[in-house]
Structures are given as structure tokens and as C-alpha cells.
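What follows draws every value from the coordinates through simple rules; no lab data is involved. Everything numeric in this text was worked out from a predicted model, so none of it was measured. Quick reminder, even Gly has a Cβ in these numbers, built from the backbone with ideal geometry, and neighbours come from all protein chains shown.
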Amino acid sequence: MSAPRSLPWRLIGLVLALGTAWYSIARRAEHSLVIYCTHDLVYAEPVLEEFTRSTGIRVTLVGDTEATKSLGLTERLLREGDQTPCDLFWNNEVLGTIRLQQQGLLSSYRGTNTERIPVQFRDPNGQWYGFGGRLRVWICAADDSRRTPFDSLISEAPDLRRVAVAKPLFGTTFTQFAVLWKQQGATATQAFHQSLVTRECRIVAGNAMVRDMVAGGGCDYGMTDTDDVFAALDAGYNVTMEPIRIAGRTICIPNTVALLESTDRPEEARQLLEYLLSEEVELQLARTARQIPLGTVDRKKIPAEVQPLAEWARESWNVADAAAVAGDCLEWLKAEYTR
């Protein structure tokens, strides 16, 4: 009988411990920039540490979990509104950033490094900027003798039981569907999705699972991102990639950086934004995360394995254009997956 009576005290102890932890985080953030970041922290942390070393400006980094990446912090910022402690948002995609812009949460800024970013990858009003992109690609075995134009595969194959794609409710797979919706319309997008289901395409939890199924031989082909293909190559798998195309053009999804309108440290936040948009950082991300420099860089300094991706990125649709239809696309997809 004593155990139940001790339970409230255990709960009180847990609450106190959690409160102490949150207080400690808040105290650290009082004298530093707070940046929400959905990019993989193994690549983001060295960038931010170098910024602190070179400027003396401390940064408190708030990351996200793999399960809710990009969507989770976007939703958090929407909930927090102008009461957010966040000064700057480093998002690994663009459509969520535009949702924040539409709610009036972002501040305009133009500076030296913002001008090196092509207009295709930045907001015309200066409320967000793209850098360090990745591409939507097909992954398959490098020695697969059946390799064929992938557009033909997805449109003509009688069944897709050996093809994998992530559930298109979030992340870059959703972005792909939103771009398709924008370029070819709702009817064509819905028919495409239905064709995947009808032909028994393997619709799985995420891009990493798509990669693992193809790399491990469980599927022959999959739709994923360039960073997932490189992860498979690093692990010793014999895979290759080709860009996914919609009406002949590729899908390059940039990281984005944006200042929060509510920041009380605007000058320091602008310094960090300028740093993230620098040639130095884009080349660092090209070396470490194999992301594609989108601004002007010395092309000889781009790693050899990233150079072909840079060529494909120049053929990309402007992904930001899909923001106009993203809401309708997501509403329809949610209905499909909650039947």
C-alpha cells in the first residue's frame, strides 16, 4: 500500500526536475541568440560553433526530432507566434517557412550575402533566403541492368511492388507532390497518387526507409533525397541516383533562413543570417552534408560528387511557387491517409 502513496511525490520530483532543466535552458538563452534548426545537427552545430568563434556571439540551438523534422518546429513557431524565444529559423525546406511568412511572423532583410542567392531561391520581399539545397531523386542499384527512363517506369510499369516512396504527408515527399499539384493540377496529382496505390507501390514511413529498402535489396527503385543516397554510399552500398523530373524539370529543395519579426536581438540575428548565406558556409555544407551551393561560389571548390547535383539544381522548378497550392494538396492527402 505504500507504493501508491509515494507516487505523487515521485511525480512532484519529476516535475521539479523538468522545471529545473527548462529554467537552465532559458537562462542560457537569455544572453545568446536562439535559433530553431531542422537541419541535421551533426552538420549544423559545427557551422554555428564557427560563427560563435569568429564573432563572439553565443547561440542556443533548438533542434527537432527525426520523426517531426521541419514540420515540428514550424508548428511550434506558429503556436508561439510573436511570443517565441526564437530569433532566427534555419529550416531544411521552404514551404513551412512560407507558412510562417503568411502569418506575418518573419522580418524583411537585405544585405551583402543575400544578393549572392539567385532569385529562384529567395523571397522577393527579403523575408527568407535559400542556401544549401538537396534534390528529389530516384535511388536504385548501380549495377541494375533494367535501368530505364524513370518517368517511363513510374507511368508504364504494370506493378510497383518493388518501388518505394515515403508517405507524402510531410517533408520533401510532400514538397514533391505539392510541386506536381502546382505544375499539373489537382486531378493529375490525385491520379498519380492513386496509380501508386493501385499498382501496390510500397508507401513507407520516410525517406530513410526508402533508402534502406533499396540498398538492402527489398526494392529495386525508390524516391528519396540526395542526402539519403549519399548515406547509403557511405555505408558501402552499391547504389546510384537520377533526378526525379516533373515535365522535364528537377526538384531542388533549399534550406531556408529567416529572421523572426519578434526578435529582440536583430543586429546579431542579421549577422548570423549573413554568415549562413556566405560562400564559406555553402561550401562547408557541400563538403560535409553534400548539399548543393545555390549562390555564387568558386565551382572548382565544389566536391566532385556534388558537382553533377549543382547542374541538376539549375534545372529545378521554383519550389516556392508550390506554396500557393500546398494547403489544398495537404488537405487532400490527409483525407486519403485517414480513411
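Farthest towards the positive end of the charge dipole of the chain, among the residues Q176, Q307, V297, is the Cα of Q176, using unit charges on the Cβ of Lys, Arg, Asp and Glu.
The alpha carbons of segment 276-333 occupy a box of 43, 23, 18 Å along the principal axes, longest dimension given first.
This ranking places M213, M241 by how few other beta-carbon atoms lie within 10 Å of each, fewest first, which gives M213, M241. When the Cα gyration tensor is reduced to axis lengths a ≥ b ≥ c, the ratio a/c is 1.5 or higher for segment 160-267, and with a/b not above b/c it is classed as oblate. For segment 105-183, the gyration tensor built on C-alpha atoms gives a prolate shape. Its axis ratio a/c (a ≥ b ≥ c) is at least 1.5, and a/b is the larger of a/b and b/c.
In a reduced charge model with +1 at each Lys and Arg Cβ and -1 at each Asp and Glu Cβ, the chain shows a dipole moment near 540 debye about its Cα centre.
Charge tally around D87: other residues with Cβ under 11 Å, Lys/Arg +1 each, Asp/Glu -1 each, net -2. Taking every alpha-carbon pair under 8 Å whose residues sit at least 6 apart, segment 235-310 reaches a relative contact order of 16 percent. Amide H contacts under 5 Å for W128: D123, restricted to partners 5 or more places along the chain or on a different chain, H placed in the peptide plane at 1.01 Å from N.
So, in the chain, how many Lys pairs have Cα atoms under 18 Å apart, if the pair is 8 or more places apart or on different chains?
Close lysine pairs under the 18 Å cut-off: 4.
Note on segment 229-339: the C-alpha convex hull projects to 10.8 nm² when averaged across all orientations.
Below 8 Å, C-alpha to C-alpha, sequence gap of six or more: please give me the relative contact order for the chain in percent.
24 percent
Taking the DSSP bridge list for the chain and keeping only pairs wholly inside it, about 65 percent are antiparallel. To the nearest 0.05, how large is the calculated FRET efficiency for R287 and R110 if R₀ is 22 Å and r is the Cβ-Cβ distance? Calculated transfer efficiency: 0.20.
For D225, nonlocal amide neighbours, meaning residues 5 or more places apart or on other chains whose placed amide H falls under 5 Å from its own, are V137.
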